[in-house]
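Report on the structure given below.
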Amino acid sequence: MSWVDLSFLLGLGLSGSLHCAGMCGPISCVYSVPVRQNARKKLWRYHAHYVGGRFLAYGWIVALMGAVGKSFEILASPHSPIRQAGVWIGGGVMIAGGLAVLLGQSWPEKINGWIIRTSGLKNFSFTKWSLSVAPW
């Protein structure tokens, strides 16, 4: 390894530890400092739930990013049958849609309207979704 690689890894480690010290440390302290002396024996459960939830959340995020990366790897392969089928189908749909518009047919607009209606994206708002009180 060169000194550039080592300095990058050192910087990455320091920035990660600063993140943990700045975020995880204060959160742990917030719920553990005001606990009465006789309740400190039960404090390990709070720590276990917090750390377990953090590991679970980070684990799911990493698994999701890994799945997305793997799907890009599979789809990006020039010899992937999925990619080749997608290219042929997508190209055919674009040609057919272009010819339909050129010939004055209305089916491309009908398909577009149907996709918007059935997907529920017509009135979709990330703001409303994030402020909802859904249990998930």
Query - Residue within the stretch 108-120 that is part of a helix (DSSP H, G or I), within 30 Å of CYS20 (Cβ to Cβ), modelled with pLDDT under 80 and under 23 Å from the mean Cα position of the chain (by Cα) present - result: no
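Report yes if GLY97 is open to solvent by less than 50 Å² (accessible area, probe 1.4 Å), under 30 Å from CYS24 (Cα atoms) and in a helix (DSSP H, G or I), otherwise no.
no
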Report summary line: Log entry, pairs with first residue in the stretch 84-96 being over 18 Å from SER106 (Cβ atoms), second being open to solvent by 100 Å² or more (accessible area, probe 1.4 Å), beta carbons closer than 6 Å, six or more apart or on different chains, reads none
Query raised in the report: Which one of these is out of contact with any strand residue (DSSP E or B) (no Cβ under 7 Å at 6 or more places or on another chain), at pLDDT 80 or above and over 30 Å from SER28 (Cα atoms): VAL62, VAL68?
Result: VAL68
Query raised in the report: Mind checking which residues of the stretch 1-51 are outside any helix (DSSP H, G or I) and at pLDDT 70 or above?
Result: SER2
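The values are calculated or read from the model by the stated rules, or taken from the named source; none is laboratory data. What you see is a predicted model; the values in this text were computed from it and never measured. Neighbour counts are summed over all protein chains in view; Cβ atoms, including those assigned to glycine, are modelled from backbone coordinates with ideal geometry. Heavy atoms of the whole protein, side chains included, go into the accessibility calculation; ligands, DNA and RNA do not. Shrake-Rupley method; radii C 1.70, N 1.55, O 1.52, S 1.80 Å.
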